[in-house]
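Each remark here refers to the structure printed beneath this line.
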Amino acid sequence: MTDTEYMKLAIALAKKGCGWVNPNPMVGAIVVKNDKIIGQGYHKKYGTLHAERNALANCKTSPEGATLYVTLEPCCHYGKTPPCTDAIIASKIKRVVFGSYDSNPLVAGKSSKILVENGISVTAGMLQKECDALNPIFFYYIQNKRPYVMMKYAMTMDGKIATRTNKSQWITGTKARSQVHKDRHKFSAIMVGLGTVLADDPLLTCRNKNSKNPTRIVCDSHLKIPLTSKIVKTTDLAPTIIATTITDIQIHQPYIHAGCQILVVPQKNGYIDLSCLMNKLGEINIDSVLLEGGATLNWSALQSGIVNKIQTYIAPKIFGGTAKSPVMGIGIDFPNKAFKLTKPKIIRFDEDILLESEVIKCLQE
């Protein structure tokens, strides 16, 4: 097998850590000696051994003189676990091949230097594009110290997210909805506004098997969320954060008693300052947010410049009338001032279509 083929196997291993390793990256590793795989591993869960140490620990024979294939540049600093470079050097690995460069300033290029200084050959950038595609969330978070935000909504072909009676369940089919739950597992948190809670009373959990529930965040400027809502009553299912501008601790108490965390955020134009909220979430290790809010929150998120990616599910249906569109607010004045997106990736789920685009230009006040 070739270097490329071994790296593809490491990439497949890395994907097994999806949703479990945040805010760490997904990483896979393969140990090869005499053209045979003698060990393999991946980063399984945040706080546990990294892929390199798992692969070395699983070696069937001595890794001395072997080649280590790893999807991300090995770490060289102490975090939840010791440096992987120490384990690599101690194992007497002869060569290291990695895919992505680690943008963490504690690592960036330093690992390669350490390995080379200890007589280990290093090949960098193997299948870098494919390896980079594993961890856009990690790269954004480690560089910006705030979560990567993906806005998701489902709409009809005439651009409606609900009927004129404000009913929205269900616009898309079962396969599309299952994909949404896969993304809920992948992201650290899911965020909605008070309006969504009042209209739908959602649980905001992940219903797929062998998945975790994301941290639930409700943007509630004036702290009006009902104590009887499912989110407040089920804090045992997932960490639950209510972001508000209300500073009165006495008003906080019933929610705290119910198991919610209150996050006080400054206001901007009468609402929560979403940019400030992202900074606060980054400080508590939330590296990614799936935004499943309504049309008003979607506009505020775009306007504040916090959105990195947009998912648009389109169902072959027509609602018509005065029903809401996915993004409301005041809107833009001229076409050339629109929020710019990349060329969309198109995915089909039976009769439904998913469009995915990165945000390349967001207006900020």
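Some observations on this one:
- Distance between segment 1-76 and segment 298-365 - C-alpha centres, whole angstrom: 38 Å
- The chain - mean residue ellipticity at 222 nm from DSSP helices (-39,500 (n - 2.57) per run, n ≥ 4, rounded to 500): -7500 deg cm²/dmol
- Near the amide H of PHE349, within less than 5 Å, lie the amide hydrogens of LEU354, all on another chain or at least 5 residues away, with H placed in the peptide plane.
- Other-chain or far-sequence residues with amide H under 5 Å of ALA162's (modelled H): LYS324
- Rolling a 1.4 Å probe over the protein chains gives CYS131 an accessible area of about 0 Å².
- Formal net charge of residues neighbouring TYR255 (Cβ-Cβ distance under 13 Å; K, R +1; D, E -1): +1
- Residue (of THR296, MET26, THR4) at the positive-pole extreme of the chain, dipole from beta-carbon charges: THR4
- Expressed as a whole percent, the accessible surface of the chain that belongs to carbon and sulfur atoms is 53, based on a 1.4 Å probe.
- The string of couplings for segment 273-289 from the Karplus curve (6.51, -1.76, 1.60, θ = phi - 60°) is 6, 5, 5, 5, 4, 4, 4, 5, 5, x, 5, 10, 6, 8, 8, 7, 9 Hz, one whole number per residue in order, with x for Gly and Pro.
- Amide hydrogen neighbours beyond the local backbone of ASP287, cut-off 5 Å, H modeled: SER188
- Within straight-line cross-link reach of LYS230, aspartates and glutamates at Cα separation under 12 Å, skipping those fewer than 8 residues along the same chain: ASP200, ASP201
- Solvent exposure of segment 233-316 as accessible area per residue, Å², 1.4 Å probe: 41 Å²
- Mean Cα-pair separation over length for segment 232-365, i.e. relative contact order, pairs under 8 Å, 6 or more apart, %: 21 percent
- Largest to smallest in accessible area, the residues ARG184, ARG207 fall in the order ARG207, ARG184 (1.4 Å probe, all protein chains included).
- Whether segment 181-326 is rounded, prolate or oblate, judged on the alpha carbon gyration tensor where a/c under 1.5 counts as rounded: rounded
- DSSP bridge analysis restricted to segment 13-155 gives an antiparallel fraction near 55%, rounded to the nearest 5.
- Phi angles across segment 167-179 convert, under the Karplus curve 6.51 cos²θ - 1.76 cosθ + 1.60 with θ = phi - 60°, into 3J(HN,Hα) values of 9, 10, 9, 10, 7, 9, x, 5, 5, 5, 5, 5, 5 Hz, Gly and Pro given as x.
- For segment 234-291: rounded, prolate or oblate by the Cα gyration tensor [a/c cutoff 1.5]: oblate
- Look at the alpha carbon pairs under 8 Å that are at least 6 residues apart: their mean separation over the length of the chain gives a relative contact order of 15 percent.
- Share, in percent, of DSSP beta bridges within the chain that are antiparallel, nearest 5: 40 percent
- Global form of segment 30-142, assessed from the alpha-carbon gyration tensor, a/c cut-off 1.5: rounded
- Ranking of PHE334, PHE349 by solvent-accessible surface, largest first: PHE334, PHE349 (1.4 Å probe, protein heavy atoms only, all chains present).
- Under Karplus coefficients 6.51, -1.76 and 1.60, residue-wise ³J(HN,Hα) of segment 347-359 in Hz, glycine/proline x: 10, 9, 10, 6, 7, 8, 10, 10, 10, 10, 9, 7, 7
The values are calculated or read from the model by the stated rules, or taken from the named source; none is laboratory data. Note that this is a predicted model, so its numbers are computed, not measured. FYI the Cβ positions are ideal-geometry reconstructions off the backbone, even for glycines, and counts take in every protein chain you see. With ligands, DNA and RNA removed, areas are computed over all heavy atoms of the protein, side chains included. Shrake-Rupley method; radii C 1.70, N 1.55, O 1.52, S 1.80 Å.
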